[in-house]
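S.K.: To start, I am sharing the structure in question, which I have written as structure tokens.
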Amino acid sequence: MVIPTQTMRVPVEDLTRQWQQIEAEIMEAVRDVLPKGKYTLGPHLAAFEQEFAAYIGSQYGVGIASGTAALHLALLACGVGPGDEVITVPNTYIATIFAISYCGATPVLVDVEPGTFNMAAEQIEAKITPRTKAILPVHLYGQVANMERIVEIARRHNLKVVEDCSHTHGATRHGRKAGTFGDVGCFSLYPTKVLGALGDGGICTTDDPDIHARLRQFRYMGQRTKYNHEIIGYQERLDELQAAMLRVKLRYLPGWIEERQRVAAVYDELLTGLPVETPVVDPANQHVYYMYCIRATNRDALKDYLLAHGIGCYVVYPYLVQETGAYADLGIGRAGFPQAVADLDKILCLPMFPEMTNDEAALVAQTVRDFYGQS
Ligand SMILES: *Cc1c(COP(=O)(O)O)cnc(C)c1O
């Protein structure tokens, strides 16, 4: 059910408010790019790659056309190919899994932890086979997975680690940012993400000069120099115009993250004492709240109640990836994934965006309280 933003008292997200804040600077960036006639692989892309990598704390950044393509090219750059297996999780956006399939590899799934929704590191080793090539943790909803454990297992078994950082621009674990733990970090820059383009976009971060070189080659037709197509590559560059606009938005990112944390703190406080579990934050982590996802008793009825009262909310992701039509023939099923299965009927994302006011967050929380008959 899609309800237009204007009928909602509190929308789940609202990019029009952000536009009011950044309009002048974005239009300035657009006016800088358009007259120059250089619309791909220009100076803004190079600058954005450098600035984003510096912000994350990585050596290199490679701008890619989408987060999906970033994951695909990162796996290719790590040598993942037909017959290989890549270990990931069942509770993610389908793009994570598709990227594995695009390489001709097979996704192998492990369950998630009870608290954080992230990959259960202690279950990885049981899934490693001679064909395993990489581990692909997804830092879900805005906090980093148990990377010290995941990287340690990967090193011991000579596996690559590709991080899906599409929810964690700027999130840290032990003070280090998502995208610096594995061999490659992959970020979607879809408009609603914590850092979003004004259209599709993505970026990879890495410290490895070979992976960096391969990523650049894969994203532009397999060439290192013009017309020298050494390998089969792709046409998956981040546009110059998007890069110019992203440079503006990157400057706002730390402030926007603080605003998301402010909204989360209001929810945390006002949702206590209800049959609702608010987000569990690992003490090593700084959560950036791409989504504020609760585990709620009687979730479907709560969702209908909130929508009927003008409070935006949604279930993300309302499936386990192995139960989608595309992966039905893998025959993975539900056994072995008790936590992901249990979460499926409980997860609900509440409105979350940096421009949300405390009053709006309080109204959301009060409506949840009303549903459970508590004032
Ligand atoms: C958004 C997202 C992607 C894909 O990014 P696109 O830019 O939409 O291609 C991949 N993984 C996760 C977890 C995401 O949320």
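The values are calculated or read from the model by the stated rules, or taken from the named source; none is laboratory data. Bear in mind the structure is a predicted one, so any value in this text is a computation, not a measurement. Here Cβ is always computed from backbone atoms with ideal geometry, including for glycine, and neighbour counts include all displayed protein chains. Side chains included, ligands, DNA and RNA excluded: accessible areas come from the protein's heavy atoms. Shrake-Rupley method; radii C 1.70, N 1.55, O 1.52, S 1.80 Å.
S.K.: Kindly write out, for the stretch 315-328 in residue order, the coupling ³J(HN,Hα) from the Karplus curve 6.51 cos²θ - 1.76 cosθ + 1.60 (θ = phi - 60°), rounded to whole Hz, with x marking Gly and Pro.
M.R.: Residue by residue, the stretch 315-328 yields 9, 10, 9, x, 8, 9, 4, 6, 9, 6, x, 5, 10, 4 Hz.
S.K.: Moving on. Would you calculate, for the chain, the mean residue ellipticity at 222 nm contributed by helices, counting each DSSP H stretch of 4 or more residues as -39,500 (n - 2.57) and dividing by all residues, to the nearest 500? Let's see the in-between values first.
M.R.: Values: 10 runs with 136 residues, N = 375.
Computed ellipticity for the chain at 222 nm equals -11500 deg cm²/dmol.
S.K.: Over the stretch 239-302, with the other protein chains present, what is the accessible area per residue in square angstrom, probe 1.4 angstrom? Let's see the in-between values first.
M.R.: On the way: 2480 Å² over 64 residues.
Result: 39 Å² of accessible area for each residue.
S.K.: What full-extension length gain, to one decimal in nm, is calculated for residue 40 and residue 259 as 0.36 nm per residue of separation minus the Cα-Cα distance?
M.R.: On the way: separation 219, 0.36 × 219 = 78.84 nm, distance 3.31 nm.
Length difference between fully extended and current span is 75.5 nm.
S.K.: Heavy-atom accessible area per residue, the stretch 37-149, 1.4 Å probe: how many Å²?
M.R.: Details: 3490 Å² over 113 residues.
Spelled out: the 1.4 Å probe surface of the stretch 37-149, per residue, equals 31 Å².
S.K.: Please go through the residue pairs 133/346; 38/193; 160/193; 133/177; 177/249; 36/226 and name each one whose alpha carbons sit more than 30 Å apart in this structure. Before the final figure, lay out the partial values.
M.R.: On the way: 133/346 33 Å; 38/193 27 Å; 160/193 26 Å; 133/177 24 Å; 177/249 18 Å; 36/226 22 Å.
Beyond 30 Å: 133/346.
S.K.: Sequence-distant or interchain residues sharing an amide H contact under 5 Å with residue 132, placed H: which?
M.R.: Distant-sequence amide H within range of residue 132: 85.
S.K.: If you don't mind, another one. Provide the solvent-accessible area of residue 26, counting protein heavy atoms only and rolling a 1.4 Å probe, rounded to the nearest 10 Å².
M.R.: Rounded to the nearest 10, that gives 0 Å².
S.K.: In the chain, with Lys and Arg counted as +1 and Asp and Glu as -1 at Cβ, which of these residues, 228, 257, 202, has the Cα nearest the positive end of the dipole, that is, farthest along it?
M.R.: Most positive-ward Cα: 228.
S.K.: Please tell me the relative contact order of the stretch 41-172 in percent, rounded to the nearest whole number, where contacts are Cα pairs under 8 Å and at least six residues apart. Each step should come with its number before you reach the end.
M.R.: Numbers: 200 pairs, mean separation 28.4, N = 132.
Averaging sequence separation for qualifying contacts and normalising by length gives 22 percent for the stretch 41-172.
S.K.: Next question. Looking at the stretch 1-73, what % of the alpha carbon pairs are farther apart than 19 Å? Kindly include the intermediate steps, with their values, before the conclusion.
M.R.: Details: 1607 of 2628 pairs.
Percentage above 19 Å: 61.
S.K.: While we're here: If I compute solvent accessible area with a 1.4 Å probe over the protein chains, what percent of it on the chain is carbon and sulfur? Don't jump to the answer; show the numbers that get you there.
M.R.: On the way: 8060 of 15330 Å².
That share works out to 53 percent.
S.K.: Residue by residue through the stretch 333-346, what is 3J(HN,Hα) from phi via Karplus (6.51 cos²θ - 1.76 cosθ + 1.60, θ = phi - 60°)? Round to whole Hz and write x for glycine and proline.
M.R.: Those phi angles translate into x, 9, 5, x, 10, x, 6, 4, 5, 5, 5, 3, 8, 10 Hz.
S.K.: Using only the Cα atoms of the stretch 252-371, what semi-axes does the equivalent ellipsoid have when each is the square root of 5 times a gyration tensor eigenvalue? Give whole Å, largest first. Show your work: numbers first, answer last.
M.R.: Numbers: eigenvalues 150, 66, 37 Å².
Working from the Cα gyration tensor, I get semi-axes of 27, 18, 14 Å.
S.K.: Note the full-extension length gain between residue 223 and residue 31 as 0.36 nm times their separation in residues minus their Cα-Cα distance, in nm to one decimal.
M.R.: Numbers: separation 192, 0.36 × 192 = 69.12 nm, distance 3.06 nm.
Full-extension gain reported as 66.1 nm.
S.K.: How large is the accessible surface of residue 207 in square angstrom, using a 1.4 angstrom probe and rounding to the nearest 10?
M.R.: Looks like 90 Å² after rounding.
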